[in-house]
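Presented below is the structure to which this report refers.
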Amino acid sequence: MRISKVLGIACSTMAWVIGSGFATGQELLRFYSSYGVMSYAAILLSYVLFTMVTVCLCELGWRQRNQRDFDPYVYLCGHRIAKVYSALITFSLLLINGLIISGAGTTLQEAYGFNKYLASAVFSLGVYYAYNRGFQDMVGIISKLGAVIIAFTIFIAGYSTLTSLGSWSAVSTNAALLADKQTTFSWWFSGILYSCMIMFPSAYYFGELGKGCLSRLEVYAGASLGVIIIILTITLINSSILLNAPAVYNLDVPNVYLAKQISPLLGNGMALLLYLGMFSCCCTLIWTCCSPFFKDNPTANHRLSIAVCAGTFVLGLFPFGKLVGLLQPLIGAFGIYFLGRVIYVFLKGDYRR
């Protein structure tokens, strides 16, 4: 087992989740923190679902690595449903990319006072450049970014949680303050929706990661390690938001506020890292969106990437908080059937024979 490969898969797994999953903190506030102490049960549920999906998809990629035209959605859902998902995935990726672009611009605006639209434009151009460098070069870049961002976020969220533990008695009151941000009627359904929103468009990406493994052990170790670190980070951020709810519940980017409470310099550094984290996630999403099309026509694929980056930039001009509240639960709903099929295949285990 190659330790470097395990760490690469773990960091790339984290990179997938960072941008659309918890970079700003707004996402976790809505899907978890708004449910109070039951948010921890929702996080535990997401941990189980994340592990099954990432391991299953990476192992599918590893086992089918010699089949050039292997489609994980056809394998998991059948040809008819896969056709529906092909359209839904493309649509969802466009929505998520637009949301991330909006979040990136908003982050630099709140932290530095930069023009949101200019920051978003630079972001979109960077994503376009990274995609056209190729998948392996892109993974090499984003895996390194993912590790740095996760380490920094764990420090900020961990410090904020430890120094705010004296406010634990107010968690119930804080949860009531956050209640109007809830994504759905129950903590357990919110945990499922979050998992679906993150994992539903991910099959191509995780399958490609699995292709580079030499053994099943590398697949399991890399995917499992990545998920454990993701869940630890989510738990710490959730705790920080719950303990500081009166100060952060109206902010679009709570994570920057939490960092600034430690040091203004840390807050500025956190904003820059979040911007890079969202960049890493957007790169993976653009690859997932564009790479299946025009495989034998690089010019057409290049033009498609230009159109996708331009279109998502336009969507990213809308307010970030409103996009999170509207788009992420919708995308999660798209992925419920897909998640169910992955769990079924994972538990049945036929693909391992």
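Overview of results
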{"read-out": "Residue satisfying all of: in the stretch 1-20; in a helix (DSSP H, G or I) and surrounded by fewer than 24 Cβ atoms within 10 Å (Cβ to Cβ); modelled with the lowest pLDDT among these", "value": "4"}
{"read-out": "Some residue of the stretch 151-165 being of a type outside the set (Gly, Ala, Ser) and not in a helix (DSSP H, G or I)", "value": "no"}
{"read-out": "Subset of the stretch 153-175 [of a type in the set (A, V, I, L, M, F, W, C) and surrounded by fewer than 18 Cβ atoms within 10 Å (Cβ to Cβ)]", "value": "154, 155, 162, 165, 168, 170, 171"}
{"read-out": "Only listed residue being at pLDDT below 90, small (Gly, Ala, Ser) and surrounded by fewer than 24 Cβ atoms within 10 Å (Cβ to Cβ), chosen from 224, 215", "value": "215"}
{"read-out": "Matching helices (runs of 4 or more DSSP H) fully within the stretch 190-304 where at least 2 residues are more than 20 Å from residue 343 (Cα to Cα)", "value": "216-243, 245-248, 254-262, 264-290"}
{"read-out": "Qualifying residue in the stretch 112-128 (condition: closer than 24 Å to residue 231 by Cα, at pLDDT below 85 and surrounded by 15 or more Cβ atoms within 10 Å (Cβ to Cβ))", "value": "no"}
{"read-out": "Filter result (in a helix (DSSP H, G or I) and either within 17 Å of the chain's Cα centre (by Cα) or crowded, with 24+ Cβ neighbours inside 10 Å (or both)) within the stretch 25-43", "value": "26, 27, 28, 29, 30, 31, 33, 34, 35, 39, 42, 43"}
{"read-out": "Residue satisfying all of: in the stretch 52-111; aromatic (Phe, Trp, Tyr) and in a helix (DSSP H, G or I); nearest to residue 126 (Cα to Cα) among these", "value": "91"}
{"read-out": "Index of the failed condition, residue 284 passing every other in (1) over 18 Å from residue 54 (Cα atoms); (2) surrounded by 24 or more Cβ atoms within 10 Å (Cβ to Cβ); (3) of a type outside the set (D, E, K, R)", "value": "(1)"}
{"read-out": "Filter result for the condition that a residue is more than 24 Å from residue 326 (Cα to Cα), within 20 Å of the chain's Cα centre (by Cα), at pLDDT below 80 and buried (at least 17 other Cβ atoms within 10 Å of the Cβ), over 139, 148", "value": "139"}
{"read-out": "Given (1) at pLDDT below 80; (2) closer than 30 Å to residue 68 by Cβ, index of the condition residue 321 fails", "value": "(2)"}
{"read-out": "Search result, residues across the stretch 299-353 that are among the hydroxyl-bearing types (Ser, Thr, Tyr) and closer than 24 Å to residue 85 by Cβ", "value": "305, 312, 337, 344, 351"}
{"read-out": "Matching residues in the stretch 328-341 - criterion: being in contact with a helix residue (DSSP H, G or I) (Cβ under 9 Å, 6 or more places away or on another chain) and either at pLDDT below 85 or not hydrophobic (A, V, I, L, M, F, W, C) (or both)", "value": "328, 329, 332, 335, 337, 341"}
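The values are calculated or read from the model by the stated rules, or taken from the named source; none is laboratory data. Because the structure is predicted, anything quoted here is derived from the model rather than measured. Note that each Cβ is placed from the backbone with ideal geometry, even for glycine, and that neighbours are counted across all protein chains shown.
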